[in-house]
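The structure appears right after this line, and notes come after that.
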Amino acid sequence: MMTRRSFVYFTSAALSANAFSWTSLGQAAGVQEKGMLAALTDRYPAYAPDLIQKIVRVSHFSLDNVKEIVGPHPQLVKASWDWGFGDWETPLGAACHMGRKDIAEYLLANGATPSIFSSVLFGDLALVKQLVERHAGIERIGGPHSISLLAHARMGGEAAKDVYAYLESLGDADMASPTPLTEQERKLICGAYKIDGDAQEVEVSDDMHAYAKSPMYTYAPQLNWKRTGTMERALFHLGGMTFYPAGARSTQIRFEEKAHGVVMTVMDGGEVLTASRALSA
């Protein structure tokens, strides 16, 4: 029986296939019979979370691994994984913002639903124009991890240069620039926060080397947010020590300096989490 495993958010590692070690999915799931990519779980006939996460993860960087999963389970091309805060990503979405046309073509040929992001990647100018003209403001919609439509065109390279020029001319097809974060704010915010009424912690760090050279973002995230046992979520500053996590613009994470320390509040359809950390003497 497959169990939920912890795994590392792709970030810069996903920019290079060599950054991942990979065994057969059957072995990773503890399944001995060759070709068995999904063990029965108490969720069956719904597919196990591990399997859904794997197809989305490998769609960032490995066509061979995608084929290994999709071959016996073609319906997984439509799977979607929540990286956190409702940052949903499909295998096709992963391939598109990585500029992996080979993976995107394979997924589409096997039943993945085309999107405006795949149309941008492949340089389909006529269709992109039609969608923008039909649906006002669609060019402002971010893909997984808040990666903009313009960034997808950039990942499309030469084939998407006309789409890139068109989207750039619209003036709002890229993500908004985050508010600069002062060094004082950075030092005040970073650290380990104890979640109120819980034994778990949230670690906020400014180790952003993973995004430094990423072509996917026009503006790199500024902080990392990680709850115990979950994956890191990149944060973008809105100003006043209020942030939104990548892929979830409607969620806000606020930091406030109090007499006893710094208080963090997560607003996601209402207040869902508060945590605090003591300031150093």
Counting Lys and Arg as +1 and Asp and Glu as -1, what is the net charge of the other residues whose Cβ lies under 13 Å from the Cβ of residue 267? -1
Stretch gain in nm, segment residue 44-residue 276, where the contour uses 0.36 nm per residue and the Cα spacing is subtracted: 79.6 nm
For the range 252-266, in order, what is each residue's ³J(HN,Hα) by Karplus, 6.51 cos²θ - 1.76 cosθ + 1.60 with θ = phi - 60°, in whole Hz (x at glycine and Pro)? 10, 10, 10, 10, 9, 7, 10, 4, 9, x, 10, 10, 10, 10, 9
Extension gain (nm, one decimal) between residue 259 and residue 186, 0.36 nm per residue minus Cα-Cα: 24.5 nm
What distance in nm separates the simple spin-label points at residue 177 and residue 200, each placed 7 Å from Cα in the Cβ direction? 3.6 nm
Could you calculate the FRET efficiency of residue 238 with residue 168 from 1/(1 + (r/R0)^6), where r is the beta carbon distance between them and R0 is 22 Å, rounded to 0.05? 0.35
Search the structure for amide H atoms under 5 Å from the amide H of residue 59, placed 1.01 Å from N in the peptide plane, and list their residues when 5 or more places away or on another chain. none
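Values in this text are rule-based calculations from the coordinates and carry no lab data. Quantities reported herein were computed from a predicted structural model and do not represent experimental measurements. Cβ atoms come from the backbone with ideal geometry, glycine included; neighbour counts cover every protein chain shown.
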